[in-house]
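See structure below.
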Amino acid sequence: MWPFSKTKLENDPVCGMDVDARAALLQFHKGTTYYFCSASCRASFQKDADKYAANPAGSSPVREEEATHAGS
């Protein structure tokens, strides 16, 4: 990474992974932009967006088997 570049990290609400906002997959929900590390995390969010929006991974007791992503 170049010393003058600023990477903006966002938290994937499904798995809790920090993702580069410039490269992440996006989903808009109720006026908020959410960022995802993988298509599978975004698909999980799309199936139950209100659950993940209210209780993002890393800040709530979302069951681990529900918070998996590709490559795990």
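The values are calculated or read from the model by the stated rules, or taken from the named source; none is laboratory data. Everything numeric in this text was worked out from a predicted model, so none of it was measured. Virtual Cβ from ideal backbone geometry, glycine too; neighbours counted across all protein chains shown.
When you scan segment 22-33, do you find a residue that is free of Cβ contacts under 8 Å to residues at least 60 places away in the same chain, part of a strand (DSSP E or B) and among the aliphatic types (A, V, I, L, M), even just one?
So far as segment 22-33 goes, yes, one or more of its residues are free of Cβ contacts under 8 Å to residues at least 60 places away in the same chain, part of a strand (DSSP E or B) and among the aliphatic types (A, V, I, L, M).
Looking only at segment 28-40, how many residues end up being surrounded by 11 or more Cβ atoms within 10 Å (Cβ to Cβ) and more than 19 Å from residue 8 (Cα to Cα)? Show your work before the answer.
Within segment 28-40, the subset surrounded by 11 or more Cβ atoms within 10 Å (Cβ to Cβ) is 29, 33-40.
Those still in the list that are more than 19 Å from residue 8 (Cα to Cα) too: 29, 39-40.
Qualifying residue count, segment 28-40: 3.
For residue 45, are the conditions met, namely being closer than 20 Å to residue 9 by Cβ, in contact with a Phe, Trp or Tyr (Cβ under 6 Å, 6 or more places away or on another chain) and modelled with pLDDT of 95 or more?
So residue 45 fits the description; yes.
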